[in-house]
Amino acid sequence: MMISENILECTDIIKHFPVRGGIWRKGRNRIHVLNGISLTIHKGEIMGLAGESGCGKSTLAKAIVNLSPPSAGQILYNGRRVSLDSAREKKRFYKDVQMIFQDPFASLNPRHKVGGIIGEMLRIHGASPADTENAVLLALKDVGLDSSALDKYPHEFSGGQRQRVAIARALVNHPKLLIADEPVSSLDLATQHRIIELLKSLKSRYDLTVLFISHDLNLIADFCDRTAVMYMGSICELISADQLLTHGRHPYVRALIDSIPISDPRMRMKKRTLVSGEVPIAGDLPTGCAFHPRCPHRFDPCDVHTPRLRSLTADAHQVACHLY
């Protein structure tokens with residue numbers, strides 16, 4: 001899918017958390033969570049962000065929406081630098097950019113009824129009570145819930161229904177960019193499928209751009225247009241999602257692909273990429289390529305020079321690996 005207009009541009013995003021200790025609680029070290037992330041999302045596409053737990057996927061999402069502002073780097077939304085210094089700028093940005101969190105039980109206020117939770121964004125933007133009620137009812141209908149949900153509390157719903165409420169809250173004000181941070185990882189497979197089909201329908205209906213975060217490569221390949229795979233705070237491969245499982249080239253990406261369970265016993269005997277060792281500590285990353293201590297293909301430059309993303313083909317397939 002070729003789309004020229006960029007809705008979001010992240011350039012050299014860095015996020016370090018200080019580790020404090022001692023009597024005076026002074027910073028003695030830093031946890032390196034994001035190490036120069038550059039990522040562009042085109043208008044109308046679904047960008048997948050994959051990687052194992054702890055690689056920095058959620059931190060990047062929170063940096064984009066300023067829940068955890070980056071330590072350095074630049075974020076552009078529709079060509080303008082994201083600056084949330086004033087209430088007016090915040091209202092304008094959060095009208096267009098919304099986020100769905102992994103755990104709907106934690107992200108929904110347990111003391112508020114669903115009608116109030118979904119309608120809060122509209123009230124912040126000055127909608128009348130009548131318009132707010134109509135919009136909330138429409139949002140509930142869009143996600144497959146009826147008006148009886150208005151007067152219920154989050155704990156009265158199942159996990160899948162709570163995630164539908166969270167989706168309704170995110171979409172009630174018709175945003176342009178939706179960030180979905182592992183929205184189905186805590187759900188059973190049948191509910192996962194229904195929520196993904198719902199997101200596909202809403203994406204088309206509202207002309208959304210989506211940043212979809214997941215550790216499930218099969219889901220990423222099926223749902224997304226492009227995919228960025230992260231390892232220890234850096235992007236190691238950027239590839240079209242429909243080519244991810246067959247043309248992924250980075251050794252880490254190959255290891256992730258080969259770790260996907262295979263139901264056919266005959267296919268389990270094929271040669272698989274094996275990695276050894278443990279995931280490094282974010283506060284003590286190795287020099288050079290962060291993956292080189294575990295990589296079966298490492299050679300001389302890997303432990304000295306940090307690889308940069310390089311284009312392999314004309315379709316913007318990029319890999320950060322000295323092998324290429």
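Taking the C-alpha atoms only, the angle from helix 159-171 to the longest principal axis of the chain is near 80 degrees. Only Cα pairs under 8 Å and 6+ residues apart enter the sum, and on that basis the relative contact order of segment 35-171 stands at 23 percent.
Can you give me the Kirkwood hydrodynamic radius for segment 188-227, using every pair of distinct Cα atoms, in Å to one decimal?
Working: mean 1/r = 0.0925 Å⁻¹.
With all distinct Cα pairs of segment 188-227 included, I get 10.8 Å.
For Leu49, the residues 5 or more places off, or on other chains, whose built amide H falls under 5 Å of its own are Phe212, Ile213, Ser214, Ala228. Under a 5 Å amide H cut-off, with hydrogens placed 1.01 Å from N, Asn6 pairs with Lys43 among residues at least 5 apart or on other chains.
Nearest 10 degrees is fine. How inclined is helix 114-124 to the longest principal axis of the chain, computing both from alpha carbons? Approximately 90 degrees, to the nearest 10.
Give the Rg/Rh ratio for segment 35-185, taking Rg as the radius of gyration of the Cα atoms and Rh as the Kirkwood radius, to two decimals. Using Cα coordinates only, the ratio equals 0.97.
With every protein chain in place and a 1.4 angstrom probe, the accessible-area ranking of Arg294, Arg81, largest first, reads Arg81, Arg294. Put one equal scatterer on each alpha carbon of segment 201-258, apply the Debye formula with no solvent term, and list log10 I(q)/I(0) at q = 0.23, 0.26, 0.28 1/Å to two decimals. Listed by q, the Debye log ratios stand at -0.91, -1.11, -1.24.
When N is the residue count of segment 190-324, what does its C-alpha Rg come to as a fraction of 2.2 N^0.38 Å?
On the way: Rg = 16.7 Å, N = 135, 2.2 N^0.38 = 14.2 Å.
In units of the globular-protein estimate, segment 190-324 measures up at 1.18.
For Arg30, the residues whose modelled amide H falls within less than 5 Å of its own, excluding neighbours fewer than 5 places apart on the same chain, are Val19. When only alpha carbons of the chain are considered, Rg and Dmax amount to 21.0, 67 Å. The angle separating the long axis of helix 189-206 from the principal Cα axis of greatest extent in the chain is about 70 degrees.
Specify the longest stretch of the chain that does not include any exposed loop site, a site being one of the GluC sites (Glu not before Pro) with a non-H, G, I, E, B DSSP assignment and at most 16 other Cβ atoms within 10 Å.
Details: sites that count: Glu5, Glu52, Glu278.
By the stated rule (loop sites, at most 16 other Cβ atoms within 10 Å), 53-277.
3J(HN,Hα) along segment 140-146: 4, 4, 4, 9, x, 10, 9 Hz, from the Karplus curve 6.51 cos²θ - 1.76 cosθ + 1.60 with θ = phi - 60°, whole Hz, x for Gly and Pro.
The values are calculated or read from the model by the stated rules, or taken from the named source; none is laboratory data. This is a predicted model, so every value here is computed, not measured. Cβ sites come from the backbone with ideal geometry, for glycine too, and all protein chains shown count toward neighbours. Areas reflect the complete protein model, heavy atoms only, side chains present, ligands, DNA and RNA absent. Shrake-Rupley method; radii C 1.70, N 1.55, O 1.52, S 1.80 Å.
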